[in-house]
1. Determine which member of the set Thr104, Thr122, Thr95, Thr87 is under 23 Å from Phe233 (Cα atoms), of a type in the set (Val, Ile, Thr) and touching a residue at least 60 places away in the same chain (Cβ under 8 Å).
2. Give me the residue from segment 92-126 that is of a type in the set (Gly, Ala, Ser) and farther than 15 Å from Ala43 by Cβ and, out of that set, surrounded by the fewest Cβ atoms within 10 Å (Cβ to Cβ).
3. Taking segment 212-241 as the region of interest, how many residues are free of Cβ contacts under 8 Å to residues at least 40 places away in the same chain and not in a loop (DSSP other than H, G, I, E, B)?
4. Can you tell me which condition Tyr223 does not meet? The list is (1) modelled with pLDDT under 95; (2) under 16 Å from the mean Cα position of the chain (by Cα); (3) hydroxyl-bearing (Ser, Thr, Tyr), and all the others hold.
5. Quick check on segment 163-179. Is at least one of its residues surrounded by 15 or more Cβ atoms within 10 Å (Cβ to Cβ), within 24 Å of Met40 (Cα to Cα) and either modelled with pLDDT of 90 or more or of a type in the set (Gly, Ala, Ser) (or both)?
6. Answer yes or no as to whether Ala45 is without any contact (Cβ under 8 Å) to a residue 24 or more places away in the chain, farther than 30 Å from Gly203 by Cα and in a helix (DSSP H, G or I).
7. Looking at Ile78, Ile139, Ile73, Ile89, which is the one that is over 22 Å from Asp212 (Cβ atoms) and either in contact with a helix residue (DSSP H, G or I) (Cβ under 9 Å, 6 or more places away or on another chain) or basic (Lys, Arg) (or both)?
8. From the set of residues in segment 94-147 that are farther than 21 Å from Val50 by Cβ and hydrophobic (A, V, I, L, M, F, W, C), which is farthest from the chain's Cα centre (by Cα)?
Amino acid sequence: MTMTRPTSPASTAAPGRPAERIDTQSKAFAGWLTASFVWMFLALALTGVVGWFTLTNEAILERVAGLYLPIIIVQLVIGFGLGLAITRISATIATLLFFVYAATMGATIAVIIWAMGYSTTTVVSAAAAAGGMFGGAAIYGLVTRRNLATMAGYLVMALIGIIIASVVNIFIGWETLNFIISVVGVVVFTGLTAYTVQQIATGRLAAWLGPDKSAIFGAFQLYLNAINLFLYFLRIFGGNR
């Protein structure tokens, strides 16, 4: 997927008034990043509410557990669908799909916590660690002058390796490999968080998708990074059960 690199502020500044042009473009970039974070936090809040509601209602929890596989399939379809069709669907549809994904994720996380017997302390610790790692990576992606696009390519390859190793480990059940996968997963999604923030903050995502859809798609990518960080920390703190 090729992204059009936005023209730099210095090269587009109007003669005699470069400072105003730079300031206007900087505000636009900040606005896109803010919008992405707002949508992300709303989605995380929805995930948290649905997760808590599911965990505290035994009948609903059992029903969701029985539908766990179909829900996972729906999530995969939405996730891949957004990535492949984001240029062709409207911002409204993208937003709707994003929040359906967030709601179903809350239900599946509740099932994971219940099935694996994770304690409240483990869940809170994982959430705190994920939040801290996510925040640090986001700040780095915002302030660094290094182009993280090259790093992102290696991270995607590492992510593919994680998926393959996870599938293999389903059959061999090696706890040490589980721990290694979890640690590598934290590293990968920390790096992807920094990369995503840079893509939004520099306007590259908006140049590709336009302001409205870039805010939603950027929020979706940030959301996925945050959720995966939480899940991997949950496995680490919960003894990779």
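The values are calculated or read from the model by the stated rules, or taken from the named source; none is laboratory data. Owing to the predicted nature of the structure, the values given are computational and were not obtained by experimental measurement. Cβ sites come from the backbone with ideal geometry, for glycine too, and all protein chains shown count toward neighbours.
1. That would be Thr122, the only listed residue that is under 23 Å from Phe233 (Cα atoms), of a type in the set (Val, Ile, Thr) and touching a residue at least 60 places away in the same chain (Cβ under 8 Å).
2. The residue in question is Gly117.
3. Counting residues in segment 212-241 that are free of Cβ contacts under 8 Å to residues at least 40 places away in the same chain and not in a loop (DSSP other than H, G, I, E, B) gives 1.
4. (1)
5. No, segment 163-179 contains no residue that is surrounded by 15 or more Cβ atoms within 10 Å (Cβ to Cβ), within 24 Å of Met40 (Cα to Cα) and either modelled with pLDDT of 90 or more or of a type in the set (Gly, Ala, Ser) (or both).
6. When the stated conditions are applied, Ala45 does not pass them.
7. The unique qualifying residue is Ile139.
8. Applying the filter and picking the extreme gives Val143.
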